[in-house]
Amino acid sequence: NRRIVLAERPQGLPNDSTLRLETSDIPTAGDGEMLLRTKFLSLDPYMRGRMNDAKSYATPVEIGGVMTGQVVAEVVTSNLEGFTEGDLVLAGSGWQDYAVSDGTKIINLGKDPANPSWALGILGMPGYTAYAGLLRIGDPKPGETVVVAAASGPVGATVGQIAKIKGCRIVGIAGGAEKCAHVVDNLGFDACIDHKADDFAEQLAAACPDGIDVYFENVGGKVLYGVLPLLNPFARMPVCGVVSWYNMPNLPEGPDMGPVIMGTLLRQKVKVEGFIIFDSFPASVYDDFRRDMTEWLKDGKVQYKEQIVDGFENAPAALNDVLLGRSFGKVVVKVD
Ligand code: NDP
């Protein structure tokens with residue numbers, strides 16, 4: 001049984017000393033339990049936060065503890081009603097081959113679901129994050145301009161495509177020409193700006209001639225500062241993530257941006273609302289999401305790009321790729 005544990009808390013980007021691969025005996029399922037074998041492990045930016053010993057919405061991973069993560073796993077043996085051998089399940093059993101579960105918070109996907117790994121992406125947490133954050137907080141109206149960064153990733157790509165369905169003009173921001181071309185050509189955004197361009201702010205302004213009504217905040221940093229001067233009165237800003245700052249060991253040097261940020265929010269009467277997808281919305285929103293997203297996928301109104309990483313031992317490097325923008329699409333590790 002292979003498992004990847006947190007060896008030490010990183011300062012900045014995780015390195016070779018941060019995570020450690022260990023082996024242990026395969027556990028056995030007792031009464032009222034089942035044994036799960038991981039098939040797909042999801043890699044997500046929030047995992048960087050779990051490595052810190054800081055107050056957050058979730059407890060940090062302990063030193064020596066198995067890294068947190070959502071997986072699609074196969075039921076190997078079951079002493080639990082409602083789960084039989086061969087069922088695929090969505091579980092939170094983390095970065096390990098095998099885990100024992102009593103069924104708490106486990107979703108049974110059945111014996112042969114189409115695209116099982118999608119339960120970690122477009123039909124799971126990232127897709128729901130995009131749906132609930134955009135529709136419940138962003139409240140986009142037809143004709144409005146919506147801006148989202150990390151636009152080729154699972155959350156951003158979904159935000160843009162839903163905003164398009166709702167009749168908005170949608171401007172994406174992504175790192176590099178290849179991602180930007182994908183965002184416009186395959187996902188149907190009206191424009192996509194490369195945040196690495198020297199004249200990023202000017203390009204963003206040109207792509208938003210009527211200003212910005214909804215800024216779905218995924219990244220913070222330079223992108224946020226480019227967006228602020230373009231916000232329209234009564235703009236909405238769902239604050240979903242600030243990934244450009246996740247590896248920051250200390251506060252950045254430079255001018256204090258507090259006055260610019262707060263002054264803009266005040267003058268433009270911007271509604272800013274942070275959310276954590278696990279507990280910010282009533283359960284009915286999740287049901288709405290499942291119904292709408294299943295239909296949009298069936299009708300081809302939403303496209304989904306996945307990057308499958310082969311091999312469990314490659315997960316640590318692949319997580320850094322997600323954090324640094326070297327991944328392309330929703331990253332899922334195929335565990336053999
Ligand atoms: P992605 O797979 O899109 O990965 C993050 C992306 O962020 C990178 O690929 C990169 O894309 C972009 N990025 C990284 N650094 C920078 C930077 N300095 N400037 C601009 N862009 C950068 O992630 P997800 O779709 O899974 O998540 C998107 C955001 O949503 C994250 O902030 C995440 O933490 C947050 N989130 C929040 C949830 C909540 O409950 N609040 C739930 C789920 C996700 P590129 O190369 O295009 O720049």
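A short reminder: the numbers here are calculations on the coordinates, not readings from a lab. Predicted model, so just to flag it, every value in this text is computed and none were measured. FYI the Cβ positions are ideal-geometry reconstructions off the backbone, even for glycines, and counts take in every protein chain you see.
Between the alpha-carbon centres of the stretch 314-328 and the stretch 218-287 there is a gap of 24 Å. Averaged over residues, the count of other Cβ atoms within 10 Å places the peptides 247-259, 157-169, 200-212, 45-57 in the sequence 157-169, 200-212, 45-57, 247-259, highest first. Taking a straight line from the alpha carbon of K269, these lysines sit under 27 Å away, with near neighbours fewer than eight places off in the same chain left out: K141, K164, K166, K222.
The calculated FRET efficiency for the pair S284 and E81, based on their C-beta separation and a Förster distance of 35 Å, comes to about 0.85. For the peptides 65-73, 181-189, residues were scored by their other Cβ atoms within 10 Å and the scores averaged per peptide; the highest-first order is 65-73, 181-189.
Using a cutoff of 8 angstrom between alpha carbon atoms and counting only pairs six or more residues apart, the relative contact order for the chain works out to 16 percent.
Relative protection proxy for 94-107, 270-283, 121-134, from highest mean packing down: 121-134, 94-107, 270-283 (other beta-carbon atoms within 10 angstrom).
Dividing the mean sequence gap of close Cα pairs (under 8 Å, 6+ apart) by how many residues the stretch 1-103 holds gives a relative contact order of 36 percent.
How much FRET efficiency would the formula 1/(1 + (r/R0)^6) give for E74 and D25, where r is the Cβ-Cβ distance and R0 is 25 Å, rounded to 0.05? Intermediate results must be reported in sequence, preceding the final value.
Numbers: r = 19 Å, r/R0 = 0.76.
Calculated transfer efficiency: 0.85.
Annotation for D102 and N1: the two label points, set 7 Å from Cα along the Cα-Cβ direction, are 1.7 nm apart.
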